[in-house]
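The structure appears below as structure tokens.
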Amino acid sequence: MYARLLTRRAAAVACSLALVAGIAGCSSEPAATGSAGAAGSDAAETVELQIFAANSLEKAMPEVEALYTEETGVTFADTQYKGSGDLVEQMRGGAPVDVLITASAGTMDDAVEGELVDEATRQDMFVNDLVIVRGEGSDIEVGSLEDVASVDGNIAIGEPGAVPAGKYANQSLASVGLYSNEEGEGGAYADSIAGKVVQADKVGTAAQYVSTGDCVIGFVYTSDVYRYDGIEVACTCPDDSHQPIVYPGAVASGSKNAEAAADFLEFCMTDEDALAIWAEYGFELA
């Protein structure tokens, strides 16, 4: 509709100019107005969004982005998938961003406090579960958090300062006396597991450590089981053993495409095909 209005307005202006100049008719103008309409269309199609997303969204997000591009023409730069804390640090360093989606409320709080995102656009998007995984077909028996203490082999846990899954894991371990700080960071592991913990730079790395056999178990999200081969759930950590796992999203305060960024977040939460993709990879709407 917008393109048709531009064409009508341009044609009317052209005709008026032709009359003033004493030129009969305006039959030569449609080609020019067509060019103007094309320029307007090209401008809309050149919108490119830079997304910073929690590492656990690495498989689902590209499919949702492709769906959005197909429907709107909006494209995406090289989406960054890292630990939520690392993403916030990159934004502090001046990285250009349109949308930030983290895997914890705490990291989004940091972004808000640093005025890195527009707080008015913040919304909780997804929830997830924390699980202990083992290698597919493994005979490792871990039916509860207490069983972690007797595991024979390395345990993959995300670095809690940068990886929310690591912080949640430590909170869960603290609930059974295997970590000394209930907040999930700044504490120490119990002697029974201290020498076994291998820290990972992102939750996907923790999953890979288990998949490759470098670790016998690891703490990851349910969604990670859908995106990595060779791992299976040994047990699910009780919800009351850690803070709620919520993925907040917000438009970056420095975004040059704030309206388009907000539209994309809305699409993620409401489009039926997008919702099917999130569900396929184990994400539930918050």
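General remarks:
- Filtering 250, 260, 234 for residues that are over 18 Å from residue 100 (Cβ atoms) and of a type in the set (A, V, I, L, M) leaves a single hit, 234.
- Residues located in the range 194-228, provided they are in a helix (DSSP H, G or I) and hydroxyl-bearing (Ser, Thr, Tyr): 205, 209, 211, 212, 222, 223, 226
- Positions within the range 189-221 being among the aliphatic types (A, V, I, L, M) and either under 18 Å from the mean Cα position of the chain (by Cα) or surrounded by 24 or more Cβ atoms within 10 Å (Cβ to Cβ) (or both), in sequence order: 200, 203, 206, 207, 210, 217, 220
- Conditions (1) under 28 Å from residue 181 (Cβ atoms); (2) in contact with a Gly (Cβ under 6 Å, 6 or more places away or on another chain); number of the one not met by residue 226: (1)
- Failed criterion for residue 231 (all others in (1) open to solvent by less than 60 Å² (accessible area, probe 1.4 Å); (2) more than 13 Å from residue 156 (Cβ to Cβ) hold): (2)
- Selection of the range 58-92 for residues being open to solvent by less than 60 Å² (accessible area, probe 1.4 Å), in contact with a helix residue (DSSP H, G or I) (Cβ under 8 Å, 6 or more places away or on another chain) and assigned to a helix (DSSP H, G or I) yields 60, 64, 67, 68, 84, 85, 87, 88, 91.
- Search result, residues across the range 136-185 that are under 19 Å from residue 282 (Cβ atoms) and more than 23 Å from the chain's Cα centre (by Cα): 136, 172
- Qualifying positions in the range 229-242 - assigned to a helix (DSSP H, G or I) and over 27 Å from residue 180 (Cα atoms): none
- Among residues of the range 90-117, those that are closer than 23 Å to residue 205 by Cβ and either touching a residue at least 60 places away in the same chain (Cβ under 8 Å) or in contact with a strand residue (DSSP E or B) (Cβ under 6 Å, 6 or more places away or on another chain) (or both), counted: 11
- Some residue of the range 158-176 being surrounded by fewer than 24 Cβ atoms within 10 Å (Cβ to Cβ) and farther than 17 Å from residue 130 by Cβ: yes
- Extreme residue, surrounded by the most Cβ atoms within 10 Å (Cβ to Cβ), among residues of the range 95-140 that are of a type in the set (A, V, I, L, M, F, W, C) and assigned to a loop (DSSP other than H, G, I, E, B): 103
- Under the condition of being hydroxyl-bearing (Ser, Thr, Tyr) and surrounded by fewer than 16 Cβ atoms within 10 Å (Cβ to Cβ), the residues counted in the range 238-286 number 1.
The values are calculated or read from the model by the stated rules, or taken from the named source; none is laboratory data. Treat the numbers as computed from the prediction; the structure is a model and nothing was measured. Cβ atoms come from the backbone with ideal geometry, glycine included; neighbour counts cover every protein chain shown. These area figures cover heavy atoms from the full protein model, side chains too; ligands, DNA and RNA do not enter into them. Shrake-Rupley method; radii C 1.70, N 1.55, O 1.52, S 1.80 Å.
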